[in-house]
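**Q** Okay, here's the structure, questions in a sec.
Every number in this text was worked out from the coordinates using simple rules, so none of it is lab data. Since the structure is predicted, the reported quantities are computational estimates derived from the model, not experimental observations. No Cβ is skipped: glycine too gets one built from the backbone with ideal geometry, and neighbour counts run over all protein chains shown.
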Amino acid sequence: MTAPLLETSGLTVAYGERVALRDVSLTVRKGELVGMIGPNGAGKSTFIRAVTRVVQAQAGAIHLGGDSVQTLSRRELGRRAAVVPQTGALPELFSALEVVLMGRTPHLGLLQHESDADLLAARQAMEATGCWQLAYRRLGELSGGERQAVLLARALAQEAPLLLLDEPTAHLDIGHQAAALALVRLLCARGSHGALAVVHDLTLASQFCQRLVVLQAGRVVAEGPPAEVINAERVRQVYEAEAHVFAHPLTGLPVVVPDAGLDASGL
């Protein structure tokens, strides 16, 4: 069997005295979109930073394509995993196309300029994410949603088999949220990619992800298909919130509606 695109075992990460991840083990294979959910501060972003060696793990192992990340050069790591961050320090004076072309860096030699093939990969990524019309606009002129589309295009242009998406629908309206996750799911369904997406919207996560991993206080507390993972009791335990969870009338997958605490019976 082909090695998973991503495999962690016993992953533990701490910031000083504060432990952000405890004994986290999971896998992502080609063909699947895995959603990581949990409350703020649960360790979701830390997990992605640990996988890409932005932060150092105190214990456990991380493998990309069967090889320990500790043995991979930064260039090879970039060929195996592409990240769409929550936010990033972007060069305001760069054009959107120039930012997307940064995704080609792992494929270029020292001081090598982008080729026609690199420009084609960037254009195809921008067309796929609906932002080619922004190609020659400066980053400082773009809205939050437009920037997010450019960051997704940069990751696609990288042509890495594993996509790590940290809130990929942040700043997007509902139409673009669905389009972004549908695109990632399509890439996975074609077998060219596997993806791990941190998603705050539980309904979106359940509709687009085949499998969900729930983090709470740095630990995995549940994992499985959305219908098995998301229910009112788990929302109460993990998020300390009351919510109504019911099956979508078309997909049968969970829909989560927060309890507003309003009694409309007297209206």
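**Q** With labels modelled as points extended 7 Å from the Cα through the Cβ direction, what inter-label distance (nm, one decimal) is found for S9 paired with Q112?
**A** 3.5 nm
**Q** Still on this structure: Of M1, M102, M126, how do they rank once you tally other Cβ atoms within 10 Å and put the fewest first?
**A** M1, M102, M126
**Q** Still on this structure: Just to be sure I understand the model, the point goes 7 Å from the Cα along the line to the Cβ. What's the resulting E92 to R219 distance in nm?
**A** According to this spin-label approximation, the distance is 4.5 nm.
**Q** Can I ask one more? Along the charge dipole of the range 6-258, Cβ charges K/R +1 and D/E -1, which of H107, A205, C188 sits furthest on the positive end?
**A** H107
**Q** Suppose the chain between S25 and Q70 were pulled fully straight at 0.36 nm per residue; how much longer would it get relative to their current alpha carbon spacing?
**A** Contour length minus the Cα-Cα distance gives 14.5 nm.
**Q** Still on this structure: If exposed means no more than 15 neighbouring beta carbons inside 10 Å and the site is in a DSSP loop, what's the longest run of the chain without any exposed trypsin sites (Lys or Arg not before Pro)?
**A** Counting only loop sites that pass the neighbour cut-off, the longest clear stretch is 54-136.
**Q** Sticking with this structure for a sec: Expressed as a whole number of Å, what is the distance separating the alpha-carbon centroids of the range 116-161 and the range 163-210?
**A** For the range 163-210 versus the range 116-161, the Cα centre distance is 17 Å.
**Q** If the elastic network links every pair of Cα atoms under 10 Å, which of T52, T203, T71 fluctuates the most in the Gaussian network model of the chain?
**A** Of T52, T203, T71, the most mobile in the Gaussian network model is T71.
**Q** In addition: Would you look at the GNM of the chain, springs on alpha carbons closer than 10 Å, and say which of G65, G35, G103 moves the most?
**A** G65
**Q** Additional query: Name the residue, out of L134, L120, L64, whose mean-square fluctuation peaks in a Gaussian network model built on the chain with Cα pairs under 10 Å.
**A** The residue with the greatest mean-square fluctuation here is L120.
**Q** Another question, if that's okay. Which GluC sites (Glu not before Pro) in the range 34-128 pass both tests, a DSSP loop state and at most 11 other beta-carbon atoms within 10 Å?
**A** Here the sparse-neighbourhood loop sites are E92.
**Q** Where does the chain land at 222 nm, in deg cm²/dmol rounded to the nearest 500, when only DSSP H runs of n ≥ 4 count, each adding -39500 (n - 2.57), divided by all residues?
**A** So the calculated ellipticity at 222 nm is -9000 deg cm²/dmol.
**Q** Ok, one more. Excluding S206 itself, calculate the net charge of residues whose Cβ lies under 13 Å from the Cβ of S206, where each Lys or Arg counts +1 and each Asp or Glu counts -1.
**A** Here the count lands on +1.
**Q** Shape verdict for the range 60-158, please, from the Cα gyration tensor: rounded (a/c under 1.5), prolate (a/b greater than b/c) or oblate.
**A** prolate
**Q** Test of the criteria: in the range 86-161, which chymotrypsin sites (Phe, Trp or Tyr not before Pro) are in a DSSP loop and have at most 10 other Cβ atoms within 10 angstrom of their Cβ?
**A** When the chymotrypsin sites (Phe, Trp or Tyr not before Pro) of the range 86-161 are filtered for loop state and at most 10 Cβ neighbours within 10 Å, Y136 remain.
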